[in-house]
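A.B. asks: Following this message is one structure expressed as structure tokens.
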Amino acid sequence: NAGVTQTPKFQVLKTGQSMTLQCAQDMNHNSMYWYRQDPGMGLRLIYYSASEGTTDKGEVPNGYNVSRLNKREFSLRLESAAPSQTSVYFCASSESGVLTDTQYFGPGTRLTVL
Amino acid sequence: QKEVEQDPGPLSVPEGAIVSLNCTYSNSAFQYFMWYRQYSRKGPELLMYTYSSGNKEDGRFTAQVDKSSKYISLFIRDSQPSDSATYLCAMTLGWSSASKIIFGSGTRLSIRP
């Protein structure tokens, strides 16, 4: 039981390049989330998917797109990377979208945009 | 002004000490309050959550909420080196708002053996 897995662990991009961050969970959870974590800013929600087939914007969606490929997988795409997107990205999942369901986080992807 | 303020630390205390971690917030409508622990280069993990005001205890950890002062605290008794981590406070408006959790920026804690 791997929990939440993320690939890649590290990535360096040049400004303007695109890439997709992958996330998968094996806990049969309905809800999945993408956060970014920046020094002094805490975790901020980028996008979330309350259930398979649905996605919604979070606090900081600009510059990102997401795909809920199936119940297990939720990917985050940067179409044209910018230095402001240098951050640590965390994927999380929970059984449903209610607060009392614990969110389980993946190990993170450290992205640097030059 | 940030909705949730948290001293970044670092906070360094000797093993066995009582640790007090704190957050202040500006939105009086917040009802659910959480504490997460994040080890270096790992994702956060939920320690405990409380609803509205009062105390909640779980082993060596006690969470306290003072809504009148808009102030929450996490106390760690008999601190251990394994408690060394960054602690994030978080809060939200209601039980159906798991997608709208506001996180503090975290306090880095180091327990000296």
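No lab work stands behind these numbers, since they all come straight from the coordinates. If you're wondering where the values come from, they're calculated on a predicted model, not measured in any experiment. Every residue, glycine as well, gets a Cβ built from its backbone with ideal geometry; the counts of neighbours run over all protein chains shown.
A.B. asks: Hey, got the average number of other protein chain Cβ atoms within 10 angstrom for residues in A:102-113?
C.D. replies: 3
A.B. asks: Count neighbours as other Cβ atoms within 10 Å of each site's Cβ, and list the GluC sites (Glu not before Pro) in region A:48-113 that are DSSP loop with at most 16 such neighbours.
C.D. replies: Listed in order of number, the matching sites are A:52, A:59, A:79, A:95.
A.B. asks: Quick one: among A:57, A:14, A:71, which has the greatest mean-square fluctuation in a GNM of chain A with alpha-carbon springs under 10 angstrom?
C.D. replies: Of A:57, A:14, A:71, the most mobile in the Gaussian network model is A:14.
A.B. asks: Round to the nearest 0.05 the FRET efficiency obtained for residue B:67 and residue B:108 when R0 = 30 Å and r is the Cβ-Cβ distance.
C.D. replies: According to the calculation, E is roughly 0.65.
A.B. asks: Something else: For residue A:79 and residue B:5, what does the FRET efficiency come to when R0 = 35 Å and r is the distance between their Cβ atoms, rounded to the nearest 0.05?
C.D. replies: Working from the Cβ atoms, E equals 0.55.
A.B. asks: In the structure shown, do any of A:71/B:56; A:9/A:71; B:2/B:100; B:42/B:70 have a Cα-Cα gap over 24 Å, and if so which?
C.D. replies: A:71/B:56; B:42/B:70
A.B. asks: Which distance in nm do the two modelled labels at residue B:28 and residue B:77 give, with both placed 7 Å along the Cα-to-Cβ direction?
C.D. replies: Label-label distance for residue B:28 and residue B:77, simple model: 3.4 nm.
A.B. asks: May I pose another question? Evaluated at 37 °C with a viscosity of 0.692 mPa s, what Stokes-Einstein diffusion coefficient in µm²/s does region B:24-113 have when Rh comes from the Kirkwood expression over alpha-carbon pairs?
C.D. replies: In µm²/s, the coefficient rounds to 242.
A.B. asks: Could you work out how far apart the two model spin labels at residue A:67 and residue A:98 are, taking each label as a point 7 Å from the Cα in the direction of the beta carbon, and quote it in nm?
C.D. replies: In this crude spin-label approximation the distance works out to 3.3 nm.
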